[in-house]
1. Could we say that ASN29 is under 25 Å from PHE351 (Cβ atoms), free of Cβ contacts under 8 Å to residues at least 40 places away in the same chain and out of contact with any Ser or Thr (no Cβ under 8 Å at 6 or more places or on another chain) here?
2. Among the residues of the stretch 268-279, is there at least one that is within 27 Å of LYS382 (Cα to Cα) and either modelled with pLDDT of 95 or more or under 27 Å from the mean Cα position of the chain (by Cα) (or both)?
3. How many of the residues in the stretch 224-245 are in contact with a Leu (Cβ under 9 Å, 6 or more places away or on another chain) and surrounded by fewer than 17 Cβ atoms within 10 Å (Cβ to Cβ)?
4. Output the number of the condition that MET134 fails; it satisfies all remaining conditions of (1) over 27 Å from GLN95 (Cα atoms); (2) among the hydrophobic types (A, V, I, L, M, F, W, C); (3) in contact with a Phe, Trp or Tyr (Cβ under 8 Å, 6 or more places away or on another chain).
5. May I ask you to list the residues in the stretch 20-55 that are in a helix (DSSP H, G or I), under 15 Å from ASP178 (Cβ atoms) and of a type outside the set (A, V, I, L, M)?
6. Regarding ASP132, is this residue acidic (Asp, Glu), modelled with pLDDT of 95 or more, surrounded by 15 or more Cβ atoms within 10 Å (Cβ to Cβ) and touching a His at 6+ places or on another chain (Cβ under 9 Å)?
7. Looking only at the stretch 244-263, how many residues end up being closer than 26 Å to GLY408 by Cα and in contact with a Ser or Thr (Cβ under 8 Å, 6 or more places away or on another chain)?
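The values are calculated or read from the model by the stated rules, or taken from the named source; none is laboratory data. Owing to the predicted nature of the structure, the values given are computational and were not obtained by experimental measurement. For neighbour counting, all protein chains shown are included, and Cβ atoms are generated from backbone atoms with ideal geometry for every residue, glycine included.
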Amino acid sequence: MAVIKAFRGIRPPADLVKQVASRPYDVLNSEEARLEAKGNEHSLLHIIKPEIDLDPAMDVHDQAVYDKAKENFGLFIEKSWLIQDDEEYLYIYGQTMWNKTQYGLVGCASVDDYLNNVIKKHELTRPDKEEDRMKHVRINNANIEPVFFSYPAHAELDGLIKNFVKTNIPEYDFVADDGIGHHFWVIKDTALIDKIIQLFEGIPSTYVADGHHRTAAAALVGKEKKDMNPNHTGKEEYNFFLAVHFPDDQLTIIDYNRVVKDLNGLDKDTLIDRLKSGFEVELKGKDIYKPESLHNFSMYLDGSWYSLTAKQGTYDDNDPIGVLDVTILSNEVLEPILGIEDLRRSTRIDFVGGIRGLEELKKRVDSKEMKVAFALYPVSMKQLIDIADSGNIMPPKTTWFEPKLRSGLVIHALD
């Protein structure tokens, strides 16, 4: 059964929240972060991307970068740009995009739930990325950024959340520069907090939607602290980490597409001829073609769009991994035809989140940077949950969730 815990959040004053709140650390590089934080001393990027305040030539994994994160976090506290709540609360985080609002329950997840697989994963993590975030958690003694979780929709729990947001004024309510609305409520009613915690115990599992490295880092630092504490009781704050939990029926996964630098020595006609063994290939012309359903792909090559529909036998409906379109594309195209065997390491392939639109695929091919592009139909939440429940791992770059969580609305201290 899943655990959620109230905590004393560290939050910006309402008049500063829009300036403090930032995109997550892993969706922009150091130079983008410098530009985004330029002229804004309140931006959380000074804590989660602290290299922006140091020499651009410095290695982002240098100890001085982590030290700067701690220094800046302390400065934000000292200047009251971040203030800790007096009592333990739960919070609600609403996000509005494309005229749709999703509501997440903000509380602390359990380190033990992660270690015992009550919190289920669908991606592999890289040790170097885990260690980077672990250093950040250790030196700040806090989860500066939340992780993005989902849970099976629960009528009573979700009804309580919806009723609360209808009858209470949000603490924060702003539209970020990208047009996404962010709304944040503080639940102070102890009876309601207790009821939510009780209902959450009836949820068998939660699922990492986005932020596998942050999740692993937070849980592993918690375990480190447990192992180093001879008087450990299980109630210490380090046993928990910051998460936003959304019901699965409110979330949107969008497409995650691929662009390839060359045709592996093939010409256009030979590539198309070879594709016909696994796909029904149809020329669509110059207008952008978007995949219409699972197992239908679009390809952009030499100024034209094509529809590729996978033939029976190229996928297995009874295999949660084998039925995925990313698997079909890898097994039928990327590996045998284009010679890309390792999606994680190959320098001949790149990945484009669907938030950029299929125009981005066209642009990158037309510019001659890439030779061919493939657009995929989005994965469903059911597919994600089926894979996590079965203990399987999705191929790299399968899911792209939008909107992303804004960092800086609330922080969790580990003591």
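1. Yes, satisfied.
2. Within the stretch 268-279, one or more residues are within 27 Å of LYS382 (Cα to Cα) and either modelled with pLDDT of 95 or more or under 27 Å from the mean Cα position of the chain (by Cα) (or both).
3. 1
4. All conditions pass for MET134, except number (3).
5. Those that are in a helix (DSSP H, G or I), under 15 Å from ASP178 (Cβ atoms) and of a type outside the set (A, V, I, L, M): GLU32, GLU36.
6. yes
7. Number satisfying all stated conditions: 6.
A quick yes/no check of all residues on (1) without any contact (Cβ under 8 Å) to a residue 24 or more places away in the chain; (2) touching a strand residue (DSSP E or B) at 6+ places or on another chain (Cβ under 6 Å):
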site	(1), (2)
ASP67	no, no
GLU71	yes, no
PHE76	no, no
SER80	no, no
TYR91	no, yes
ASN99	yes, no
LEU105	no, yes
VAL111	no, no
GLU123	no, no
